[in-house]
Amino acid sequence: MSSHATVAEEEYLQTIFWLHEAGLPMTGANVARAMQLSAPTVHEMVGRLERDGYITRAADKSISFTEEGLSQAEAVVRRHRLIERFLTDVLGIAWDDVHEEAERLEHAMSPVLEARMLAAIGDAKTCPHGHPIEPGTRIEGVPLGDVEEGAKITVLRFENEAEDLLHLFKHEGLEPGREGTVATADGEFVTVDFGADSTATLTRSVAETVSVLADPSPPPRTALPEQLVLGKERYGR
Ligand SMILES: [Zn+2]
C-alpha cells in the first residue's frame, strides 16, 4: 500500500468522506453524481482506492473506509476547510472565491504550515461555507428546499461548493449563520426574508443544496438530492 494518496485519490476520498459525513449511501453511483463524473471513470478510481487500501467494497457495492482511508480522508478534508477559512479570515479573500484555491493548496501542505494556519484562524470552527473543520462535529440540518412557508431558519452550510453556486449565494445575501424566515416556497422558487429589506430568492433545486436549521422543521433527508449535482446551465434563474 502506498503511504500517501495521490492528488486524484485525495479528491475522491474527500467526496466519499462528504457522503459519509452527510449520512448518505457511500456508493460509486453517488460518488459519480457528486463529482459529476461518468460511472466508468469513477469505477476505475474506486478500484484503485481499494487496491491502495483506502476503502473496501461490500457485495452490494457499498463503500467503507479502511482505518487508513478514513484518516487520510479526514486529513485532506480538514486541510481544505482550514485553508478556506485562512484565505477568508486572514488574507481577506471573498468566501465565494476560496474553494478552488483550497482545492489546489490542500494537497501540498506540510503539518507545520497546517498548525500555523490553525493558530491563525483563532476560534473559527467551520469553513466559510459552514462545513466543520474538525471531522465529526457536523450539525445536522435539512434542505432549505424542504422547509415550509413561515418557518424560521438559520443557514448552516452550502453542501455544493461549486464556485458559481457560491457566487449566487453571496449575491443573494445567503451566508452560514444568517437567520431569516421562509417567505414563500412554491414549486419553482424559495424566498427567504432576512428582515431589513433583505431577501434571497433561489430556485427550488438550488435551495435543496443549502442545509438549514428550521422551526418548524421537515424530517431529515436520507437520499442524495439529484440537485446536488446540477450542472451550471441548470441552476440559472
Ligand atoms: Zn468550504
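What ³J(HN,Hα) values, in whole Hz, does the Karplus curve 6.51 cos²θ - 1.76 cosθ + 1.60 give for the range 72-79 when θ = phi - 60°, with x put for Gly and Pro?
Rounded to whole hertz, the list is 5, 5, 4, 5, 6, 5, 4, 4.
Compute the Cα gyration tensor for the range 13-75, then decide on rounded, prolate or oblate, letting a ≥ b ≥ c be the square roots of its eigenvalues: rounded whenever a/c is under 1.5, prolate when a/b is larger than b/c in the other cases, and oblate in all that remain.
rounded
I133's amide H: which non-local residues (gap 5+, or another chain) put their own amide H closer than 5 Å, with H modeled 1.01 Å from N in plane and none for Pro or chain starts?
Here T126, C127 satisfy the definition.
Taking the highest mean first, how do the peptides 116-127, 75-86 order by number of other beta carbon atoms within 10 angstrom per residue?
Per-residue Cβ counts within 10 Å, averaged per peptide and sorted highest first, yield 75-86, 116-127.
Between T6 and E148, what FRET efficiency comes out of the Förster formula 1/(1 + (r/R0)^6) with R0 = 45 Å and r the beta carbon distance, rounded to 0.05?
0.50
What is the sum of charges, Lys and Arg at +1 and Asp and Glu at -1, for the other residues whose Cβ falls under 14 Å from the Cβ of T41?
That sum, taken over residues with Cβ under 14 Å, equals -1.
Gain in length, T184 to V112, computed as 0.36 nm per residue apart minus the alpha-carbon separation, to one decimal in nm?
Gain in length upon complete extension: 21.1 nm.
When Lys and Arg each count +1 and Asp and Glu each count -1, what net charge do the other residues less than 12 Å away from A22, Cβ to Cβ, add up to?
Here the count lands on 0.
Please say if the range 142-219 is rounded, prolate or oblate, where rounded means a/c under 1.5 for a ≥ b ≥ c the square roots of the C-alpha gyration tensor eigenvalues, and otherwise the choice is prolate for a/b larger than b/c and oblate otherwise?
Rounded shape, in that the Cα axes give a/c under 1.5.
Taking 35 Å as R0, compute the FRET efficiency from the Cβ-Cβ separation of T66 and A119 and round it to 0.05.
After rounding, the FRET efficiency stands at 0.65.
With a/c under 1.5 counting as rounded, go ahead and sort the chain into rounded, prolate or oblate using the C-alpha gyration tensor (a ≥ b ≥ c being the square roots of the eigenvalues; past the cut-off, prolate if a/b is larger than b/c, else oblate).
Since a/c reaches 1.5 but b/c is at least a/b, the shape of the chain is classed as oblate.
What is the distance, in nm, between label points placed 7 Å from the Cα along the Cα-to-Cβ direction at T201 and at A94?
2.1
We did not get these values from a lab; they are worked out from the coordinates using the rules stated. No experiment lies behind these values; they were computed from the predicted model shown. Note that we place each Cβ from the backbone using ideal geometry, even for glycine, and neighbour counts take in every protein chain shown.
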